[in-house]
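Shown next, in structure tokens, is the structure this report addresses.
The values are calculated or read from the model by the stated rules, or taken from the named source; none is laboratory data. Treat the numbers as computed from the prediction; the structure is a model and nothing was measured. Ideal geometry is used to build each Cβ from the backbone, glycine not excepted, and the neighbour counts take in all protein chains shown.
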Amino acid sequence: MKKVLIVFLVIPFTAYAQQWDFDNSGSRIFDMRKNEQKKITITIESVEPKDMQRACDKKSRQLGNGGFKTPMLACSFWEGKTCHIIMPHKVDMRTVGHEVMHCFQGSWH
């Protein structure tokens, strides 16, 4: 039973870590002089974690994009002069910061 339990604990963590493997440290430094926007309006929509992929794909398609090919922890989109972020009801600071940086610096990864 312990082997099965370990497998089930490792798989979700591995999937989470792979989502952020481009910058997993949480200490990446951004040059704020490179911001595409200096003043922004941000709206935040929170959804159930189980609905995250569906919500991000739906918003992506509404804006004329093709959705996402990888699992999403959160997502952000520009709509006119407003940056719209979708994230789970309970979220860590790194995810919030990650999406807010997309609002300031666009698609940086």
Checklist entry - Can you name the residue in the stretch 69-97 that is closer than 18 Å to residue 41 by Cβ and of a type in the set (D, E, K, R) and is also modelled with the lowest pLDDT among such residues? => result 81
Checklist outcome for this item: For the stretch 31-68 the number of residues that are of a type in the set (Gly, Ala, Ser) and either at pLDDT 90 or above or under 16 Å from residue 103 (Cβ atoms) (or both) is 4
Item to check | Count - residues of the stretch 76-109 that are of a type in the set (A, V, I, L, M) and either buried (at least 19 other Cβ atoms within 10 Å of the Cβ) or more than 18 Å from residue 29 (Cβ to Cβ) (or both) | outcome: 4
Checklist entry - Taking the stretch 60-75 as the region of interest, how many residues are surrounded by 13 or more Cβ atoms within 10 Å (Cβ to Cβ), assigned to a loop (DSSP other than H, G, I, E, B) and among the small types (Gly, Ala, Ser)? => result 2
